[in-house]
Amino acid sequence: MNTMISSELSAGGAPKKSSVQSAETFIAVVLFAVCASAGLAAWLMNLTTDSRDSNDAMETVQVLASLADAELVDEEVDVLVQWQQRLDQAFNQREQAMRQQEQSAVLEEQAAALLAAQAAAEAAKQAAEAAEQRARDAELERQKALEKQLAARKAQLAAAAPAEKPKPKANAVRVAASVDWSSCRKPRYPRAAVRLKQEGTVTLLFAVDAAGQVISGEVQQSSGVERLDNAALDAIMKCSFTPETLGGEPQASSAQVRFAWRLGS
């Protein structure tokens, strides 16, 4: 009887053990599937994260590259601007130097022209002074020659002086001596006086003999210009006079002559 029970127990116990093993296997498979699903999900999540990180990294690299390129562009622009400024400054300095050279050349030409003009003016002044001195010397020589002629004429008249005439009557008419302009030429205007535009009126006094010849002459009142005085005296000394008469009788006397020097007359 016991043997039969054992056999029944053994026979009944085998199916129970097989059922337990099947349940454990199912649970293991399920756990494996869950773990695999979790691992796959984690792997997919990591892959997505890595892709995003990679994209972010790429974007970061692109941004940094853009920033680097922008900085390089800014530096290049700054360098170009600096070079442009240097070139502009160099061109400006060159242009200023050329202008200064041109101005210096113009100033030198003006200075040379001024010096030439001053030299010409000085030469003209010296020439005028030399001409003035020659004119003075010529006038002095003429005056000396005239004085010699007058002295010789006085000596001749003194040697040939006639005997004294009887005194005229008290009521005799006196007619003053005067220049005979038809006997002489009009005084010539001195060139130096024309050049210097000199004018004036001179009063001359002449000693005239009874024949109407000039014995001597002098300037009684100057015109203010010595060359004009001498020219008038020299010219009128060569003229003949109508002698003074007293009661119809000619006699030696003095004659006053005024001569006016006027340009354009």
Semi-axes of the equivalent ellipsoid for region 176-233, Cα gyration tensor, largest first, Å: 24, 13, 8
Result for region 172-265: accessible area per residue, probe 1.4 angstrom, in square angstrom, of 55 Å²
Could you sort ASP78, ASP234 by their accessible area in this structure, using a 1.4 Å probe and putting the largest first? ASP78, ASP234
In region 196-265, what trypsin sites (Lys or Arg not before Pro) fall in a loop by DSSP, with at most 16 other Cβ atoms inside 10 Å? LYS197, LYS238, ARG262
Would you be so kind as to identify which of GLN143, GLN103, ALA117 lies farthest towards the positive end of the dipole of region 102-157, taking Lys and Arg as +1 and Asp and Glu as -1 on Cβ and the Cα centre as origin? GLN143
If ligands, DNA and RNA are left out, what is the accessible area of VAL214 with a 1.4 Å probe, given in Å² to the nearest 10? 10 Å²
Just by accessible area at a 1.4 angstrom probe, what is the order of MET237, MET98 from largest to smallest? MET98, MET237
Quick one: net charge of ALA131's neighbours, Cβ under 9 Å, K/R +1, D/E -1? +1
List ILE215, ILE27, ordered by accessible area with a 1.4 Å probe, largest first: ILE27, ILE215
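The values are calculated or read from the model by the stated rules, or taken from the named source; none is laboratory data. Everything quoted here is computed from the prediction, not taken from an experiment. Glycine also receives a Cβ, built like all others from the backbone with ideal geometry; neighbour counts cover every protein chain displayed. Quick note on the areas: whole protein, heavy atoms, side chains included, nothing else; ligands and nucleic acids left out. Shrake-Rupley method; radii C 1.70, N 1.55, O 1.52, S 1.80 Å.
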